[in-house]
Structures are given as C-alpha cells and as structure tokens.
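Trainee: My questions will all concern the structure given below.
The values are calculated or read from the model by the stated rules, or taken from the named source; none is laboratory data. Values in this document were obtained by computation on a predicted structure and should not be read as measured data. Glycine gets a Cβ as well: all are built from the backbone with ideal geometry, and neighbour counts include every protein chain shown. For the accessible areas, the whole protein counts, side chains as well, though only heavy atoms, and no ligand, DNA or RNA atoms are used. Shrake-Rupley method; radii C 1.70, N 1.55, O 1.52, S 1.80 Å.
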Amino acid sequence: MIGSSTPAAELAKLSPYAALAPAITVAERLARIEKARKLTRDMGADALLVGAGASLNYFAGVPWGASERLVAMLLPVSGDPVMICPFFEQGSFEADLKISADLRLWQEHESPHALIRQAMDDWGASVIAVDPAMSFEMVSRLGRETGLDIREASSVINGCRMYKSAAEIALMQQAKDMTLLVHQATARMLHEGITTTEVKNFIEAAHRRLGAAGNSFVIVQFGHATAYPHGLPGEQALADGDLVLVDTGCYVQGYTSDITRTYSFGQPTADQRRIWDIEKEAQAAAFARVEMGLPCEAVDYAARDILQKHGLGPDYNLPGTPHRTGHGIGLSIHEPAYLVRGDTTPLAPGMCFSNEPMIVVPEQFGVRLEDHMYVTEAGAKWFTEPQEAIDRV
C-alpha cells in the first residue's frame, strides 16, 4: 500500500539474495570472441579493436571505464587476442581479466598505438575494425600514428551484444527482480513532505541491501516534474495528490535493470487515471506486437497507434509520447537495437528491450510505465509483470 510504512521499516525487511545468478563463464566469453572473429572477417577487416567500457567487459570480463589512457583488446581474425594496457595498471588489469591473452604494456611517455601497429605488422594485417564506443580522439590518434585502414565495427559489436544468452538473461532477471522489490518498498515508505533526495538515498540503500552493486541510475519526480521525461533540476517535496514517477535500476555482475513506476500519492484525478490507462494499453500493445523477424520499428508503431486512437499525438506531438518506445539493454542501460521508427533490425531471440511509451501532458504531468521484455521464438516474454493500477505498485 502506498505510504503505509517508513524508510527504516522497509530497509529492515530487505536482505541479500542467498545466491546470485552465476557469472558468465570463460567458455561463453570464448564463444563470443569466436563470433566476433567471424563478424570481423565478414566485414573485410583483419582485426577488431575493443576499447575500455561495456564491450571490453563483455568479451574479456574487464569492467574498466574509458579514460585518456588506452586500454583495449586487439583481436585478430585468427590468433590470440592482445591486450594493450598501461604498465602501471598491469596488476589490476590481470586481476580482472577473465580470458588468456598476450599482454602488451606501455609506459606513460610511450604511444600505445605503436603496440597496435606492431601487432598488426606481426600478423601481416592492415585493416582494423574499431569499437564504435571509442572516442573520436582515440581513433584519430590511431589513424595518425599507425596509418592503418580503419573501419567502424558496429556490425561486429552489435552483432554479438544484441543477442543475449540464457546466462545473460538470468543475470538481468535477478537485477530486475531486485529493482521491482525496491520499487514496492519505495512506494510503501513515502510520506507527505519527503524529498526527492531522500527517496533517491533510500533506493540506493535498498538496492545494496539486496546484494546489488548499488543503483545504475535513479530518477525521482513528483507532481508537475513528472511532465519532463528526465525530470527538472532541484529538489521537490511530496504533497498529497501528486503523481510519483520513479525510474531506477541496479547492477548484478555488470548487467543492469531499468524499471519505471508512476502512481498517485493520494487520490488521482480523472484525467490522471485516463492517461495512466492509455499508457498501460500502449505498453501492452507494444508487447503484443513482438514477433520474430518483424522490424524493431513495428513495436513503436503499435504503441503510437493506441495513442492516436485516444486522440493523442500523432508522432511525437504532445500530449503524447515524445520519445521512442524502447531501447536495448544489457551491460549498458541503453544499447542497440531500438524500438523506434527507422530501426529496421529484425526482432530475434535473445534481444532484450525496455517497453516504455511514456505519455506527457505538457505543464501538467507525465506517466511512464517501463518494464523489460526479451524476444523468444513464441514472441515477447516479460522480465517483470507490468504495474496493475495507478494506485498500486
């Protein structure tokens, strides 16, 4: 029940999961690498360069963020992968590394790109496919300092990461289960006058109590601020009659959740109920439209058809849905493919998406219901069941 408890009481109810979902195995990472080799070969490149970030974690288990220092995996289409790493980071890097690889180190005054050029020369290679997430600065320096023929490797990275394995889905399921419990606890601990900052702090603590690695992100909006998809600056205090929008997620072994609930604190107005019900109908239509082989954009069209039926929109016009229906998710909160007009990627088993065709009524309020689904041969399957009503979480 919304507003029936306290933060302390709700935190006391939460405890770490007895067993987290199993980590990704070395065998699975090696299978990913073999698939990447094939896709690299198919695009006419000799090697794939993957920089620090989610893709390096995906292939090698190294959860490092990108910085001004090059940390990367250079994967030839045949032969052992080469890891490029600063000399002083060797110990930390090796502690994270989950696969066998040739480690090549560079000192602070040296160019790491020389190591890439040397490896390519050793292989008699000249065409390199580069992770699209690498910075323009990094890629520009690579070109200037090596003279290699550089290709963009979206087809390789997305061709691997878009399609989740059973092990990945299990990790995501656990993250989403945790976040759903946190949403329920959050709704119960609300009280008049509580601030958005206090709610955000509670959500972080609650995720950690369950054994997650904290929030992946958190957005808390009250009242008028719900009319802005990602909120307004500053702090708000909860008042009777406000709509509450909470959008949050957590990490479990690098995989993330991302669930949004919108509900009333007190009695909702008739217009709030009407828009909430349309939002739920649009979310259900998007889910029902998922079918193997259909383009991703078909799901977005299905949600917008519902809005137009009720006199909202069309397109991105308001009142209506100002953004895409959904995004891919995995090691990154937002990743390809996207449920949006123009994305013609065919739906296929293992693809995972948010389903969140938010409705905004300008200057008044917004309603976003966000759950995640994955594609099976029989259609879509929910990770978490959608919210039932505007006054229940």
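Trainee: Near N355, within a Cβ-to-Cβ distance under 9 Å, what is the net charge of the other residues, with Lys and Arg +1 and Asp and Glu -1? Please report the intermediate quantities before stating the final value.
Mentor: Working: positive: none; negative: E356, E370, D371.
Net of charged neighbours comes to -3.
Trainee: Taking 0.36 nm per residue of separation and subtracting the Cα-Cα distance, what length does fully extending L232 through R392 add? Spell out each step's value before the answer.
Mentor: Numbers: separation 160, 0.36 × 160 = 57.60 nm, distance 2.49 nm.
Stretched fully, the L232-R392 segment lengthens by 55.1 nm.
Trainee: Pairing the Cα long axis of helix 297-309 with the longest principal axis of the chain, what angle in degrees results, from 0 to 90 and rounded to the nearest 10?
Mentor: 20 degrees
Trainee: Students often get this wrong, so check it: of K280/K381; K98/K381; K164/K280; K38/K381; K35/K164; K35/K381, which have C-alpha atoms separated by over 19 Å? Could you put the intermediate results ahead of the total?
Mentor: Values: K280/K381 16 Å; K98/K381 31 Å; K164/K280 27 Å; K38/K381 30 Å; K35/K164 13 Å; K35/K381 26 Å.
Where the Cα-Cα span goes over 19 Å, the pairs concerned are K98/K381; K164/K280; K38/K381; K35/K381.
Trainee: How far is it, in nm, from the label point at S140 to the one at Y17 when both lie 7 Å from their Cα along the line to the Cβ?
Mentor: Using points 7 Å along Cα→Cβ, the separation is 4.3 nm.
Trainee: I've got another one for you. Compute the whole-percent fraction of alpha carbon pairs in the stretch 245-334 spaced more than 16 Å apart.
Mentor: 63 percent
Trainee: A further question on this structure: What distance in nm lies between label points placed 7 Å from Cα along the C-beta direction at T376 and V340?
Mentor: Simple spin-label model gives 2.9 nm for this pair.
Trainee: Something else: So what is the relative contact order for the chain, in percent, with contacts set as C-alpha pairs under 8 Å and at least six apart?
Mentor: Details: 843 pairs, mean separation 59.4, N = 393.
After rounding, I find 15 percent.
Trainee: Now for a separate question. At S67 and H323, where each label point lies 7 Å from the Cα along Cα→Cβ, what is the point-to-point distance in nanometres?
Mentor: According to this spin-label approximation, the distance is 3.0 nm.
Trainee: Further question on the same structure: First obtain the Kirkwood hydrodynamic radius of the stretch 50-147 from its Cα pairs, then insert it into the Stokes-Einstein equation at 37 °C and 0.692 mPa s, and state the resulting D in µm² per second as a whole number.
Mentor: Numbers: Rh = 13.5 Å.
Estimated diffusion coefficient is 243 µm²/s.
Trainee: Compute the accessible area per residue over the chain, keeping the other protein chains in place, probe 1.4 Å, unit Å². Write out the running numbers ahead of the final one.
Mentor: Numbers: 15940 Å² over 393 residues.
Ligands and nucleic acids excluded, the result is 41 Å² per residue.
Trainee: Considering only protein heavy atoms and a 1.4 Å probe, what is the carbon-and-sulfur percentage of the accessible area of the stretch 1-95?
Mentor: Details: 2570 of 4320 Å².
Ligands and nucleic acids excluded, carbon and sulfur give 60 percent.
Trainee: Per residue of the stretch 139-154, in order, report the coupling 6.51 cos²θ - 1.76 cosθ + 1.60 (Karplus, θ = phi - 60°) as ³J(HN,Hα) in whole Hz, putting x for Gly and Pro.
Mentor: Ordered by residue, 3J(HN,Hα) equals 5, 4, 5, 4, x, 5, 8, 10, x, 6, 7, 9, 10, 8, 9, 4 Hz.
Trainee: Turning to a different aspect of this structure: Please give the solvent-accessible surface of K13 in Å², to the nearest 10, using a probe radius of 1.4 Å with every protein chain present.
Mentor: Solvent-accessible area, nearest 10 Å²: 130 Å².
Trainee: Here is a further query. Counting DSSP beta bridges with both partners in the chain, what percentage is antiparallel, nearest 5?
Mentor: Numbers: 43 of 55 bridges.
The antiparallel fraction comes to roughly 80 percent.
Trainee: Taking 51 Å as R0, compute the FRET efficiency from the Cβ-Cβ separation of D121 and A239 and round it to 0.05.
Mentor: On the way: r = 67 Å, r/R0 = 1.32.
That gives a FRET efficiency of 0.15.
Trainee: Round to the nearest 0.05 the FRET efficiency obtained for H310 and A167 when R0 = 45 Å and r is the Cβ-Cβ distance.
Mentor: Values: r = 41 Å, r/R0 = 0.91.
Plugging the Cβ-Cβ distance into 1/(1 + (r/R0)^6) gives 0.65.
Trainee: Here's a follow-up. Can you spot the lysines whose alpha carbon is less than 22 Å from K200's alpha carbon? Ignore those fewer than 8 places along the same chain.
Mentor: K13, K176
Trainee: Ok, one more. Taking the stretch 173-226 as the region of interest, what is the percent of Cα-Cα pairs per 10 angstrom bin, listed from the shortest bin to the one with the maximum distance?
Mentor: Once binned at 10 Å, the Cα pair distances of the stretch 173-226 give 23, 56, 20, 1.
Trainee: Do you know the relative contact order of the stretch 89-192, to the nearest whole percent, from alpha carbon pairs under 8 angstrom that are 6+ apart?
Mentor: On the way: 44 pairs, mean separation 20.7, N = 104.
Taking the mean separation of contacting Cα pairs over the length of the stretch 89-192, I get 20 percent.
Trainee: Right, here's the next one. Tell me the relative contact order for the stretch 1-104 as a rounded percent, counting alpha carbon contacts under 8 Å between residues six or more apart. Don't skip to the end; give the middle numbers.
Mentor: Working: 122 pairs, mean separation 21.8, N = 104.
That works out to 21 percent.
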